[in-house]
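Chemist: Handing you this structure, nothing more for now.
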Amino acid sequence: MSAPARAFTMRHVQLLRALFAAVAALMITFSSDHSAPVGLSVFSGFVLITALVQVLAAWLVVPAGSRWSYVLLAAVGIVAGMVSGIPAWRSDDLFFVVVSSWAIVSGGIEVLAGIRARRTGGMPSRDAISVGALGVLLGIVLLLIPAGFLQEYTIDKAGTFVLSGIILGVGMFGGYAAIVAVFLGIAGLTPKQIDAATAASDSNDSAAPAEHGGER
């Protein structure tokens, strides 16, 4: 493997994904505005920068047989990020359609990739299955929230407030991002098995030319 690939490992992929998920979670948590424009703005930035990380992972880290999932995840993220990044389109309905679709599709890809990795003993499978399952769960929860939901509630000495479907939806996305940040952060800070799997794959790739009469 080339020098740039050795400098960028699966540990860095996990930590970068955790960092950007944490930023998205913090932006949602500390914003008093949980409207569709704000939610889609944060979501767009999150999925686009995560797609860039997945492209780098496919190029520099992941062995050839496992790159398909990272390429697909990057493609889905780019499409979702571009659609949600158009200010004139940012509505409550678009939020639920785009975010739930992205969550179910990307989550399904990660779950499938994790299952295949478990069978072949390739890249780490538990992390992919867990993060993918969280994505699918987010998508299902968003589908169950009525976009036009409105509920007034009163807090003593504070006043009357309105809880809407979009507030719940944006909050759910923020909660998902926070959980993913913690999970991938822990995974990235315990990289022994991850880097070992990558090293084993690299070793097998480098040994192939020698087996066919190449340099030893």
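Chemist: What is the spin-label model distance, in nm, from Thr190 to Asp33 if the labels are put 7 Å beyond Cα along the C-beta direction?
Modeler: Rounded to a tenth, the inter-label distance reads 4.1 nm.
Chemist: Roughly how many percent of the accessible protein surface of region 1-79 is carbon and sulfur, given a 1.4 Å probe and a whole-percent answer? Display every interim value, and only then the final one.
Modeler: On the way: 2660 of 3630 Å².
Percent of accessible area from carbon and sulfur atoms in region 1-79: 73.
Chemist: Give the value in nm², to one decimal: projected area of the alpha carbon convex hull of region 1-134, averaged over all directions. All intermediate terms of the calculation are to be shown ahead of the outcome.
Modeler: Working: hull surface 32.2 nm².
Spelled out: convex hull of the Cα atoms, projected over all directions, averaged, 8.1 nm².
Chemist: Based on Cα coordinates alone, diagonalise the gyration tensor for region 1-61, multiply each eigenvalue by 5, take square roots, and list the semi-axes in whole Å, largest first. Walk me through the numbers before you get to the answer.
Modeler: Working: eigenvalues 177, 24, 5 Å².
Equivalent-ellipsoid dimensions as semi-axes: 30, 11, 5 Å.
The values are calculated or read from the model by the stated rules, or taken from the named source; none is laboratory data. Note that the structure is a prediction, hence the values are computed from the model and not measured. Glycine also receives a Cβ, built like all others from the backbone with ideal geometry; neighbour counts cover every protein chain displayed. Surface accessibility is based on the protein's heavy atoms, side chains included, excluding ligands, DNA and RNA. Shrake-Rupley method; radii C 1.70, N 1.55, O 1.52, S 1.80 Å.
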